[in-house]
Amino acid sequence: MRKRLQIFCLLLLPCLTLVGLLGRGSPAALTASSDAAIPASADNWGLSFPEEGLTPVGNATAEFLSQYDAWYVGDTSQKVIYLTFDCGYENGWTEPILDVLKEKNVPGMFFLVGHYVDTADTVIRRMIDEGHLLGNHTNNHPDLTTVDAQTFIKELTDLEDKVKAKFPDAPPMRYMRPPEGACNEWSLAMAKKMDYTTVLWSWGHHDW
């Protein structure tokens, strides 16, 4: 998982900051209701670009994803782009990106994994202070379509707990991105039951 900071764009998505902060169901209840529902097969998020200037086509439609509060594209009549960044191992790229975002007065969303929270305190502190959102990219970056419900819950809550312990003033995490874009109906439903919005992407910078 030793990757550079990965840059993704979420195109034309309705404003994420308006999503309500809802109470999460208990881990025991989620495990009991969902543990047997893991499908045998899994899918990775993928896109095709039929024509320049047109909305990319995902291997699941926006309408299908919306039932799980998952998004890669929203109202295409609105000219809005959201910048999102996956942070696994800091290697010096994030602070220059934060410099540009600050200069242009543009907020971003940074999806963190456990290692990043363990080792990049100063950079995360700056993200919070400069008004960016922190997203959950899991604690250990597993393929969430291959784990059981208890592990799924633990991957997200362990990351939440790390962030809360180091940055008690950080807003609660309510957005998650599945590692490698690996998702299926079961994993999307699990994230929704935990009151997470799943954020995929409409374009990705291939910097890994």
### Query
Which is in contact (Cβ under 8 Å) with a residue 60 or more places away in the chain, open to solvent by 10 Å² or more (accessible area, probe 1.4 Å) and among the polar types (S, T, N, Q), of 122, 157?
157
### Task
Give 80, 57 a once-over and let me know the one that is farther than 21 Å from residue 194 by Cα, surrounded by 11 or more Cβ atoms within 10 Å (Cβ to Cβ), modelled with pLDDT of 55 or more and in contact with a strand residue (DSSP E or B) (Cβ under 6 Å, 6 or more places away or on another chain).
57
#### Entry: Top-ranked residue in region 84-96 [being crowded, with 17+ Cβ neighbours inside 10 Å and of a type in the set (A, V, I, L, M, F, W, C); ranked as nearest to the chain's Cα centre (by Cα)]
85
### Task
Would you please list the contacts, defined by Cβ atoms under 7 Å and residues six or more apart or on different chains, that run from a residue in region 70-85 that is over 12 Å from residue 55 (Cα atoms) to a residue that is acidic (Asp, Glu)?
none
### Query
Residues in region 45-81 that are touching a helix residue (DSSP H, G or I) at 6+ places or on another chain (Cβ under 7 Å) and over 13 Å from residue 188 (Cβ atoms): how many?
1
## Note on the structure
Scanning region 166-186 residue by residue, those assigned to a helix (DSSP H, G or I) and either open to solvent by less than 10 Å² (accessible area, probe 1.4 Å) or free of Cβ contacts under 8 Å to residues at least 60 places away in the same chain (or both) turn out to be 166, 179, 181
### Task
Filter region 50-60 down to residues that are within 16 Å of residue 182 (Cα to Cα) and part of a loop (DSSP other than H, G, I, E, B), then give me how many there are.
2
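The values are calculated or read from the model by the stated rules, or taken from the named source; none is laboratory data. Remember, it's a predicted structure, so these values are computed and weren't measured experimentally. Every residue, glycine as well, gets a Cβ built from its backbone with ideal geometry; the counts of neighbours run over all protein chains shown. Please note that ligands, DNA and RNA were not included when accessible areas were found on the heavy atoms of the full protein model with its side chains. Shrake-Rupley method; radii C 1.70, N 1.55, O 1.52, S 1.80 Å.
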